[in-house]
Amino acid sequence: MEQFIIRKTLGRGSFGIVYKVRRKKDNISYALKQINLQNKDRKCIQDSLNEIRLLASLKHPHLISFLEAFPCGRYRYNLKLCIVMEYARGGDLAKEIKKHKRLKTKIREQIIWKYANQISDALSFLHSHKIIHRDIKAANCFLTSRGDIKVGDMNISKLTKHNQKARTKIGTPYYMSPEIWNYMPYDNKCDVWALGCLLYELAT
């Protein structure tokens with residue numbers, strides 16, 4: 001952690017904390033997710049390792065890019081895993097939706113089509129690599145300073161093999177497809193359903 005300066009907290013969850021940091025050697029801002037390895041929920045740690053594996057293997061203009069991962073903390077009781085990723089300066093779509101609700105304005109249709117195209121492009125890339133994101137939602141779609149989309153938070157994504165279907169009931173309830181709700185096997189179409197929910201949310 002000595003190579004980074006923490007600027008502010010971006011988010012907190014059961015997994016740990018996400019910070020905006022600046023790397024000393026290049027003066028560039030990044031997002032740093034810090035996971036407590038003493039967390040009793042072993043699945044949380046496994047999900048984080050899964051996210052590192054997927055992020056490190058994928059490069060796409062509309063996916064959050066991976067920089068590095070490393071352990072920090074000197075003792076067992078404070079050992080943490082740090083994942084350093086691209087920082088999206090524009091925040092996320094959930095923040096954008098809240099802003100428009102507060103101002104009682106609508107998001108322009110042209111902008112919604114732009115978001116739809118960019119998220120679809122990212123999903124098409126993931127699906128071509130047999131990866132189901134499984135948690136497409138406003139809070140996981142980030143905006144660059146130019147207003148372009150970067151899909152992130154792939155800690156519950158699943159790599160499938162030979163047309164294998166997933167079975168775990170996982171994701172964010174508002175965006176879950178009927179197959180997941182009904183404990184049925186599902187495939188990458190669940191991401192398309194979630195995208196539809198997100199576009200409805202943006203339009204209304």
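Please work out which residue is modelled with the lowest pLDDT, limiting yourself to segment 47-75 and to residues that are loosely packed, with under 13 Cβ neighbours inside 10 Å and not hydroxyl-bearing (Ser, Thr, Tyr). Working first, answer last.
Taking segment 47-75 as the starting set, the residues that turn out to be loosely packed, with under 13 Cβ neighbours inside 10 Å are 57, 59, 70-71, 74-75.
With not hydroxyl-bearing (Ser, Thr, Tyr) added as a condition, the list becomes 59, 70-71, 74.
Values: Lys59: 94, Phe70: 91, Pro71: 88, Arg74: 69.
The qualifying residue modelled with the lowest pLDDT is Arg74.
Can you find a residue that is touching a strand residue (DSSP E or B) at 6+ places or on another chain (Cβ under 8 Å) and either closer than 24 Å to Pro173 by Cα or not hydroxyl-bearing (Ser, Thr, Tyr) (or both) anywhere in segment 103-112?
If we filter segment 103-112 for residues that are touching a strand residue (DSSP E or B) at 6+ places or on another chain (Cβ under 8 Å), which is where we start, we get none.
Scanning segment 103-112, I find no residue that is touching a strand residue (DSSP E or B) at 6+ places or on another chain (Cβ under 8 Å) and either closer than 24 Å to Pro173 by Cα or not hydroxyl-bearing (Ser, Thr, Tyr) (or both), so the answer is no.
Show the residue pairs meeting these rules: Cβ distance below 8 Å; 6+ apart or different chains; first residue within segment 49-70 and part of a loop (DSSP other than H, G, I, E, B); second residue exposed (fewer than 14 other Cβ atoms within 10 Å of the Cβ).
Close Cβ pairs (under 8 Å, with a partner that is exposed (fewer than 14 other Cβ atoms within 10 Å of the Cβ)) amount to Leu58/His129; Ser65/Lys59.
I'm trying to understand the selection: among the residues of segment 76-119, which are acidic (Asp, Glu) and either surrounded by 11 or more Cβ atoms within 10 Å (Cβ to Cβ) or under 14 Å from Leu143 (Cα atoms) (or both)? Spell out how you get there, then give the answer.
Looking only at segment 76-119, we keep the residues that are acidic (Asp, Glu), and these are 86, 92, 96, 109.
Listed by number, the residues that qualify are Glu86, Asp92, Glu96.
Could you tell me how many of the residues in segment 154-176 are of a type outside the set (A, V, I, L, M, F, W, C) and in contact with a Cys (Cβ under 9 Å, 6 or more places away or on another chain)?
Total meeting the criteria: 4.
Cβ-Cβ below 8 Å, separation at least six or inter-chain, first residue in segment 1-28 and within 15 Å of Asn155 (Cα to Cα) and part of a strand (DSSP E or B), second among the charged types (D, E, K, R) and open to solvent by 40 Å² or more (accessible area, probe 1.4 Å): which pairs?
Hits for this filter: Gly16/Lys80; Val18/Arg12.
Across segment 122-157, what is the total count of residues that are in contact with a helix residue (DSSP H, G or I) (Cβ under 8 Å, 6 or more places away or on another chain), open to solvent by 30 Å² or more (accessible area, probe 1.4 Å) and closer than 13 Å to Lys189 by Cα?
2
Quick test of your reading of the structure: Gly16 fulfils all but one of (1) of a type outside the set (A, V, I, L, M, F, W, C); (2) at pLDDT 95 or above; (3) at positive phi. Name the failing condition by number.
That leaves (2) as the condition not met.
Across segment 164-204, what is the number of residues that are over 16 Å from Ile112 (Cα atoms) and part of a helix (DSSP H, G or I)? I'd like the intermediate steps shown before the answer.
Quick first cut of segment 164-204, residues over 16 Å from Ile112 (Cα atoms) only: 164-191, 193.
After this cut, where a residue has to be part of a helix (DSSP H, G or I) as well, the list is 173-175, 178-181, 189-191, 193.
Final tally of qualifying residues: 11.
Among the candidates Asp153, Asp121, which residue alone is modelled with pLDDT of 95 or more and of a type in the set (Asp, Glu)?
Values: Asp153 fails: modelled with pLDDT of 95 or more.
Going through Asp153, Asp121 in turn, the sole match is Asp121.
Every residue in segment 78-119 that is part of a loop (DSSP other than H, G, I, E, B) and within 26 Å of Ile5 (Cα to Cα), please. Please lay out each step first, then the result.
Going through segment 78-119, the residues part of a loop (DSSP other than H, G, I, E, B) turn out to be 79, 87-91, 104-108.
Within segment 78-119, Leu79, Tyr87, Ala88, Arg89, Gly90, Gly91 meet the criteria.
The values are calculated or read from the model by the stated rules, or taken from the named source; none is laboratory data. Every value quoted in this text rests on a predicted model; they were computed, and no experiment measured them. Methodologically, a virtual Cβ is constructed for each residue, glycine included, from the backbone with ideal geometry; neighbour enumeration extends over all protein chains shown. Surface areas here come from the heavy atoms of the whole protein model, side chains and all, with no ligands, DNA or RNA. Shrake-Rupley method; radii C 1.70, N 1.55, O 1.52, S 1.80 Å.
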